[in-house]
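Here the structure is laid out as structure tokens; the discussion comes afterwards.
The values are calculated or read from the model by the stated rules, or taken from the named source; none is laboratory data. It should be emphasised that the depicted structure is a prediction, and the values quoted were computed from it without experimental measurement. Neighbour counts are summed over all protein chains in view; Cβ atoms, including those assigned to glycine, are modelled from backbone coordinates with ideal geometry. Quick note on the areas: whole protein, heavy atoms, side chains included, nothing else; ligands and nucleic acids left out. Shrake-Rupley method; radii C 1.70, N 1.55, O 1.52, S 1.80 Å.
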Amino acid sequence: MSYVTATAQLMCPFGDAGGMLSVTSQQKFFIDGKLVATIQDAAPMVNIPTMGMCKNPANPMVAAATAANLGVLTPMPCIPATTSWIPGNKVTTLAGGKPCLSNECTCMCMYGGVVSIAYPGQIKVN
């Protein structure tokens, strides 16, 4: 398990690009010179950025564009609709009184995507 830091790379299976996590939940704890993320860093467009173009038909904008294009899947700009991170493992480490985010966590988008951590930002040295 690795802890997630600012500049972690995120991905969604329905987006055509990745995005970089922004940490705003705490400003005191660092790993490798980068802020440690907590499970509160889940706000759409604040912590979790757009992931390019969304191609999930469950997204109302994609559904409308696809219907207007006679049923041909038509991707639309990703506007994340995330709510909270789901722990992948019991994280007992706190940063500013909040559970740290680990690379095993995922974040659900209301449109059916699952945001995951492609690169946690922490460089492990064994």
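If you filter the range 83-106 down to residues that are assigned to a strand (DSSP E or B) and in contact with a Gly (Cβ under 9 Å, 6 or more places away or on another chain), you find that the one that is surrounded by the fewest Cβ atoms within 10 Å (Cβ to Cβ) is 106. Among the residues of the range 2-34, just one is part of a strand (DSSP E or B) and either without any contact (Cβ under 8 Å) to a residue 24 or more places away in the chain or in contact with an Asp or Glu (Cβ under 9 Å, 6 or more places away or on another chain) (or both), namely 5. Considering the range 4-43, the residues that are open to solvent by 50 Å² or more (accessible area, probe 1.4 Å), closer than 20 Å to residue 90 by Cα and not polar (S, T, N, Q) include one that is nearest to the chain's Cα centre (by Cα), namely 39. In the set (1) open to solvent by less than 20 Å² (accessible area, probe 1.4 Å); (2) part of a loop (DSSP other than H, G, I, E, B); (3) among the β-branched types (Val, Ile, Thr), residue 62 fails one condition alone, (2). For the criterion of being within 21 Å of residue 17 (Cβ to Cβ), open to solvent by 60 Å² or more (accessible area, probe 1.4 Å) and either out of contact with any helix residue (DSSP H, G or I) (no Cβ under 6 Å at 6 or more places or on another chain) or of a type in the set (S, T, N, Q) (or both), residue 51 fails.
Looking across the range 1-36, just one residue is more than 24 Å from residue 78 (Cβ to Cβ) and of a type in the set (Asp, Glu), and that is 32. Filtered by the rule that a residue be under 19 Å from the mean Cα position of the chain (by Cα) and part of a loop (DSSP other than H, G, I, E, B), the range 44-59 gives 45, 46, 47, 49, 50, 51, 52, 55, 56, 58, 59.
Each residue in the range 108-124 was checked for being surrounded by fewer than 19 Cβ atoms within 10 Å (Cβ to Cβ), of a type in the set (A, V, I, L, M) and closer than 14 Å to residue 84 by Cα, and 3 of them qualify.
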